[in-house]
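Let me begin by presenting the structure, written as structure tokens, before commenting on it.
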Amino acid sequence: MKANLRCLSTLLDQTSRYHPSPITVAQLADFGKKRDESLSYSFLHKELPIRISHMLKELQMLPEPLLQQRSVKLVKDMYLKTFKDLSEFEDIHTNDQQTFSRFTRKLNEIKRRHQTVVETMAEGILCLKKESGDRFDPSINYFLDRFYMSRIAIRVLMSNHLVLFGPEEETPGHCGIIDTSLDVHDIVDEAASSARFLCNHHYAESPDIHISTFNTGDKDPDREVTMAYIASHLHHMVFELVKVRISNPKLRSFDGN
């Protein structure tokens, strides 16, 4: 058992020396058009362990009081288990469909395992804040920003593979998880409406929000603005921005201003 842990620790150290490969939305969309499972496997079975190893290394560098929180230990164990699972495919270079299917099932299992990471990590942070009070280390916020950004990137890569080759259903008009003709106005309007609903719930009123678009990339500026993007990500970003704007007492105004 100890020998296995030492081997895993050595592999983790070696893998973390590599840098993650930057991936753009355009590249994901282009890959979705090709639908080459062999290409996806050859990339992800190397790329995902690299990204996971970097997250584990950052977790190890957290302040000791936070590392000792039960919730944070659970998160660390999740990622260690995931790294171990993915390491099974480290030296398997093949075009065998059985290996592809086993890899896809493993990704689906990993994605379900990490479903509650955000809530679990938040529980650890809240417990530490209660214990430390004014002594809470502000550098932890920097770690959290990096941690959650890394988590989003990993889930994007896994979700795209699972939509293309696994059990997750592909939405019509999409290439994997990328909506190639996403209507920006519709998403922004829906997100703003959700933020207004939340504001109404808490303050019993909310400001009117009017969304207008201007297409600078077309001869007709009134033509709908579309782009290739992940709809849920755009919705979440706009929702958070509008929510902060209309829920802040210093910024909120219900008189039309």
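The values are calculated or read from the model by the stated rules, or taken from the named source; none is laboratory data. For clarity, every value in this text was computed on a predicted model and none was experimentally measured. Neighbour counts run over all protein chains shown; Cβ positions are idealised from the backbone, glycine included. Accessible surface is based on the protein model in full, side chains and every heavy atom, while ligands, DNA and RNA are left aside. Shrake-Rupley method; radii C 1.70, N 1.55, O 1.52, S 1.80 Å.
For the reader, a short list of remarks on this structure follows.
- If the chain linking ILE152 and VAL25 were pulled fully straight, counting 0.36 nm for each residue of separation and taking away their Cα-Cα distance, it would gain 44.4 nm.
- Accessible surface of the chain, 1.4 Å probe, proportion on carbon and sulfur as whole %: 53 percent
- In the full protein context, the range 192-241 carries 73 Å² of accessible surface per residue, based on a 1.4 Å probe and ignoring ligands, DNA and RNA.
- Among the trypsin sites (Lys or Arg not before Pro) within the range 33-105, those in coil by DSSP and having at most 13 neighbouring Cβ atoms inside 10 Å are ARG35.
- Linear extension gain, ARG17 paired with ARG70, 0.36 nm per residue minus alpha-carbon span: 16.2 nm
- Sparse-neighbourhood loop sites, trypsin sites (Lys or Arg not before Pro) in the range 165-257 - DSSP loop, at most 15 other Cβ within 10 angstrom: LYS219, ARG223, LYS250, ARG252
- Here is the list for the range 161-250: chymotrypsin sites (Phe, Trp or Tyr not before Pro) lying in DSSP coil, each with at most 16 other C-beta atoms within 10 angstrom of its C-beta, are PHE214.
- Debye, to nearest 20: dipole size of the range 163-257, +1 on Lys, Arg Cβ, -1 on Asp, Glu Cβ: 560 debye
- Once the Kirkwood radius over Cα pairs is known for the range 98-226, the Stokes-Einstein relation at 25 °C and 0.890 mPa s delivers a diffusion coefficient of 129 µm²/s.
- Membrane-span-like helices of the chain, defined as complete DSSP H segments with a Cα extent of 20 Å or more along the helix axis and a mean Kyte hydropathy of at least 1.0, are absent.
- CYS199 accessible area, assembled protein chains, probe 1.4 Å, Å²: 10 Å²
- Unit charges on C-beta of K, R, D, E only; dipole of the chain, Debye: 1220 debye
- Space enclosed by the convex hull of the alpha-carbon atoms of the chain, per residue, Å³: 170 Å³
- Label point 7 Å beyond Cα of ASP218 along Cβ direction - residues of the range 153-188 with amide nitrogen under 13 Å: 181-186
- Entry note, the chain: relative contact order of 19 percent, from Cα contacts under 8 Å with a spacing of 6+ residues.
- Relative contact order (%) - the range 79-180, alpha-carbon pairs under 8 angstrom, separation at least six: 26 percent
- When the helices of the chain are scored as -39500 (n - 2.57) per DSSP H run of n ≥ 4 and the total is divided over every residue, the value at 222 nm lands at -21500 deg cm²/dmol.
- Paramagnetic label zone (point 7 Å from Cα along Cα-to-C-beta, SER101; backbone N under 19 Å) in the range 6-36: 36
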